1. Could you work out the local net charge near Ile87, counting Lys and Arg as +1, Asp and Glu as -1, over the other residues with Cβ closer than 12 Å to its Cβ?
2. Rounded to the nearest 10 degrees, what's the angle between the helix 84-122 long axis and the longest principal axis of the chain, both from Cα atoms, 0 to 90?
3. Taking a cut-off of 21 Å between Cα atoms, list the lysines near Lys65, but don't count ones fewer than 8 places away on the same chain.
4. Hey, what angle do you get for helix 43-75 against the long axis of the chain, alpha-carbon based, 0 to 90 degrees rounded to 10?
5. Just add up the charged neighbours of Gln109: K/R +1, D/E -1, any other residue whose Cβ is under 12 Å from the Cβ of Gln109.
6. To test your reading of the geometry: what angle, between 0 and 90 degrees and rounded to tens, separates the Cα axis of helix 3-37 from the longest principal axis of the chain?
7. Candidates [x] 39, 11, 10; [y] 22, 18, 14; [z] 25, 15, 13; which is the computed semi-axes √(5λ) of the Cα gyration tensor in Å?
8. Go ahead and set up a Gaussian network model of the chain, Cα springs under 10 Å, then flag whichever of Leu66, Leu97, Leu12 fluctuates most.
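Just so you know, all these numbers are worked out from the coordinates, no wet-lab data involved. Note that the structure is a prediction, hence the values are computed from the model and not measured. Because the Cβ atoms are built from the backbone with ideal geometry, glycine has one as well, and the counts that use them run over all protein chains shown.
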Amino acid sequence: MTLRNQLNDNLLKVKDKVLKAEEAYKYCFSLIQSFFANELIDDDLNRIFALKKVEIESTYEKLEKLTDYYKAFENHKDIISGNDRTIKNTFELLIELKDEFNNLIAEIQGFAIFLENSLKEKQ
């Protein structure tokens, strides 16, 4: 596999992480919306969900930042693929970016598990 093909492959892997993170956020926000739609929830749980919503929103900013990094690589892949050294350096950066997305996805999934369990307890 050529370095250019490896670059494209790594970009696709990061894009997959972007999509997974976005889906996880959508799911968390749908859980929060369904929670607040239930009027029989007590005040303590309301406060907890409001705090979780703020936490999720703050991590969403991180998703946007990481996504911007990915888009920069994607938009400039023709320039990056100009020489082997640049491609190899980009590989290292893409690995770090993919790791950042993995950490973010794990954090979002943790939020989702908490929200799911809280909703189950109150139903």
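1. 0
2. Value to nearest ten degrees: 10.
3. In chain and number order, the partners are Lys13, Lys15, Lys17, Lys20, Lys26, Lys52, Lys53, Lys77, Lys98.
4. Relative to the chain, helix 43-75 is tipped by roughly 10 degrees.
5. Its environment carries a net charge of -2.
6. Value to nearest ten degrees: 10.
7. [x]
8. Leu12
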